[in-house]
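One structure is given below, encoded as structure tokens.
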Amino acid sequence: MPSKSTHKNNRLTSMAILTPLRRLTEDKIIKPSITFTALLFCMALVSTTAGANPDIAHWTTQNGARVYFVPAPELPIVDLRIIFDAGAARDETDPGLAVMTNGLMAEGAGGLSADQLAEQFESIGAQFSNSAQRDMAILSLRTLSEKAVFDAAVKTLTTILTQPDFPQDAFERERSRLLTTLKRHQQMPDTQADEAFYNALYTGHPYRTPPTGTEASISALNTAKLRAYYEKYYVARNAVLAIVGDLSRAEAEALAETVIGRLPAGQPAAELPPVAPLAEAQEIRINHPSAQTHILVGQPGLKRGDPDYFALYVGNHMLGGSGLVARLSNEIREKRGLAYSSYSYFLPMRELGPYTVGLQTKNESAEEALTVLRETIATFVQQGPSAEELDASKKNITGGFPLRIASNKNIIDYIGMIGFYQLPLDYLDTFNQQVQAVTVDDIKRAFQQRIQPQRMVTVMVGGKVTDDKN
């Protein structure tokens with residue numbers, strides 16, 4: 001995916017320009033039910049479409065789900081991803097509801113237990129996973145395309161999708177596990193920093209609360225709430241189905257009707273409220289018994305489909321998105337040795353996702369590192385990049401692009417994102433052109449209009465210097 005980080009993330013959800021691995025793992029708390037044969041794994045490492053952008057077919061099922069399909073006959077594998085507008089932004093008064101609903105679907109369905117469902121996938125070497133983030137709730141399947149195996153895998157997936165039982169014993173088990181996770185989060189400075197950061201950026205907005213909820217909200221959930229949430233949001237008109245693999249168009253159409261056709265049509269989720277801009281700077285300091293201080297600085301950034309996406313993406317690549325060669329790293333690590341790494345990224349979402357700049361450093365260096373970080377951002381916003389920096393970034397981004405669509409997993413990431421956010425079908429075809437078209441003036445204008453260093457939120461979580469010296 002073009003928005004993958006070269007710094008600290010290893011996989012891109014459909015949401016991120018540069019997404020730290022930490023955020024991905026935090027947003028995905030429900031365990032995947034995974035079985036995968038060694039043969040299939042080895043085959044999946046083989047590129048099937050490197051060197052050519054995939055041709056995306058698109059249609060709508062009879063009950064209203066949007067389908068995006070890329071044929072990939074080179075390997076006998078089929079990937080499916082069903083994405084619902086049913087992420088944590090829909091939690092309303094019950095933070096954690098989206099995550100618990102999504103996670104419980106595979107813990108009992110069609111009268112089968114979680115173990116029985118897992119055994120059905122394992123017996124044929126299929127891989128199933130599910131997760132929920134702020135915008136999306138996802139169910140995914142990877143299976144061989146051989147008919148008997150394929151039919152069995154699709155049948156189990158369809159059972160999970162259309163007949164979740166939300167069994168009480170599984171609910172109690174998963175709730176207990178999630179409560180344990182939340183207690184552990186209280187000991188993790190990076191998680192505390194994330195939660196404080198979102199809370200400050202999104203006051204009064206659904207993005208404010210963590211997808212994992214709170215101890216109080218999780219304790220207040222029950223299976224009736226989960227079922228009501230499922231019945232409202234897991235409907236065809238609120239769904240996107242992405243398919244990549246060894247199927248013809250006719251076979252993909254039949255598959256879509258088989259998987260999604262049994263869902264009620266329902267209605268799309270309502271529009272989310274807009275994100276309000278920050279009125280003033282805010283600085284939050286949280287004392288934590290650690291030798292390192294976690295620093296996050298940022299503001300609401302942009303949403304998917306934003307006309308300034310490419311100018312901001314390319315500009316951020318130079319500022320903090322290209323790892324050790326980015327400006328932030330050069331100023332903070334190379335010149336001053338204040339931190340091993342620093343980063344910045346946009347996380348475009350349904351509404352304005354965050355623009356985040358961060359680092360981790362020893363407590364004694366925190367104040368100096370923060371000063372340098374702020375000065376580097378302000379200088380970049382005021383002056384923009386040099387022509388040499390822009391040229392190098394374009395070469396890096398466009399030169400690495402073919403590798404980002406070199407596997408079926410990469411492609412389904414992309415077409416799921418394209419479908420969910422309703423981006424143009426030629427998004428991948430024109431990506432490098434859009435990057436090449438960005439100018440220094442484009443970046444200066446976009447950053448000066450969209451980034452306000454004087455009104456950013458700053459979160460610092462770490463130990464006091466005086467405490468460390470005692």
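Below are the figures for this structure:
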{"quantity": "Residue 253 vs. criteria in contact with a Lys or Arg (Cβ under 9 Å, 6 or more places away or on another chain), of a type outside the set (Val, Ile, Thr) and modelled with pLDDT of 95 or more", "calculated": "no"}
{"quantity": "Sole exception among (1) surrounded by fewer than 21 Cβ atoms within 10 Å (Cβ to Cβ); (2) polar (S, T, N, Q); (3) farther than 30 Å from residue 59 by Cα for residue 376, by number", "calculated": "(1)"}
{"quantity": "Failed item, numbered, when residue 101 is tested on (1) over 15 Å from residue 212 (Cβ atoms); (2) open to solvent by less than 10 Å² (accessible area, probe 1.4 Å)", "calculated": "(1)"}
{"quantity": "Residue tally, condition among the aromatic types (Phe, Trp, Tyr) and on the phi > 0 side of the Ramachandran plot, over segment 179-216", "calculated": "0"}
{"quantity": "Filter result (outside any helix (DSSP H, G or I), within 20 Å of residue 226 (Cα to Cα) and either without any contact (Cβ under 8 Å) to a residue 40 or more places away in the chain or open to solvent by 20 Å² or more (accessible area, probe 1.4 Å) (or both)) within segment 148-193", "calculated": "163, 165, 167"}
{"quantity": "Within segment 259-361, strands (runs of 3 or more DSSP E) holding 1 or more residues that are open to solvent by 20 Å² or more (accessible area, probe 1.4 Å)", "calculated": "282-287, 292-300"}
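The values are calculated or read from the model by the stated rules, or taken from the named source; none is laboratory data. Since the structure is predicted, the reported quantities are computational estimates derived from the model, not experimental observations. Note that each Cβ is placed from the backbone with ideal geometry, even for glycine, and that neighbours are counted across all protein chains shown. Heavy atoms of the whole protein, side chains included, go into the accessibility calculation; ligands, DNA and RNA do not. Shrake-Rupley method; radii C 1.70, N 1.55, O 1.52, S 1.80 Å.
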